[in-house]
Amino acid sequence: MPQVRPSTAAHHTAHAADLRPGWRALRASLVLVWWWTAAVSLWGFHGISVDLLSGLGQYPLWISHTLIAGGAAVDLAIGLWLGWRPSRAAYASAGLAMAAMTLLATVLQPALWLHPLGPLLKNLPLAAALYLLWLHAGGHHAPTTAVDADADADADVNAAAGPASAAAHTAATRRSA
């Protein structure tokens, strides 16, 4: 017996309404991460923040202070951007900044990847969260059920193949269900 699909628009609207608090909570948690990182970087200005830069070798202290202050300013700016003007550009910028800082930390302190609390490894789920928010900000959604994934696959094929082929694909898919 063929599976009856709910109206795609109604289905997605219902899911969007159900997930709205989740999207806000996800974004708020990322804002907190960026703000907290800025504050902790400045708090440890003469301690752990400088120690993390020790992989650069011997250099004047003003260089490390400049790098720390610059990194904290970037963290604060991204946190503010994500908090007050969330957009695809904000999520992409946050992802790029996180990737750059992760790469720098990897070069300076590669042992952080082996740290039991995973300070660099935690950037992987943060990157995934930024990607999901980036998709959501563009009007896309992550499939939550097999029906959603099926509808997404149909839409992808329809968009790529053109109207005539799309109708044939959709009819064939419905006959095989």
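The values are calculated or read from the model by the stated rules, or taken from the named source; none is laboratory data. The model shown is predicted, which means the values in this text are computed figures rather than measured ones. Positions of Cβ are backbone-derived with ideal geometry, glycine not excepted, and every protein chain shown enters the neighbour counts.
A few notes on this one:
- Number of residues in the stretch 20-65 that are farther than 17 Å from residue 94 by Cβ and aromatic (Phe, Trp, Tyr) equals 4.
- Enumeration of residues in the stretch 18-66 that are over 21 Å from the mean Cα position of the chain (by Cα), in a helix (DSSP H, G or I) and aromatic (Phe, Trp, Tyr): 43, 62
- With respect to the conditions (1) among the aliphatic types (A, V, I, L, M); (2) part of a helix (DSSP H, G or I); (3) at pLDDT below 75, residue 4 falls short on a single one, namely (2).
- Every condition in (1) outside any helix (DSSP H, G or I); (2) more than 16 Å from the chain's Cα centre (by Cα) is met by residue 105 except one, and the failing one is (1).
- Residue that is surrounded by the most Cβ atoms within 10 Å (Cβ to Cβ) [pool: residues in the stretch 22-55 that are over 15 Å from residue 75 (Cα atoms) and β-branched (Val, Ile, Thr)]: 50
- Residue within the stretch 69-92 that is surrounded by 15 or more Cβ atoms within 10 Å (Cβ to Cβ), modelled with pLDDT of 95 or more, under 22 Å from residue 38 (Cβ atoms) and in contact with a Gly (Cβ under 7 Å, 6 or more places away or on another chain) present: no
- Pairing each residue of the stretch 65-94 that is within 20 Å of residue 52 (Cβ to Cβ) and without any contact (Cβ under 8 Å) to a residue 24 or more places away in the chain with any residue that is of a type in the set (Phe, Trp, Tyr) and not in a helix (DSSP H, G or I), provided the two are 6+ apart or on different chains, yields C-beta distances under 7 Å for 65/45.
- The conditions of being touching a helix residue (DSSP H, G or I) at 6+ places or on another chain (Cβ under 7 Å), at pLDDT 50 or above and surrounded by 12 or more Cβ atoms within 10 Å (Cβ to Cβ) are met by residue 121.
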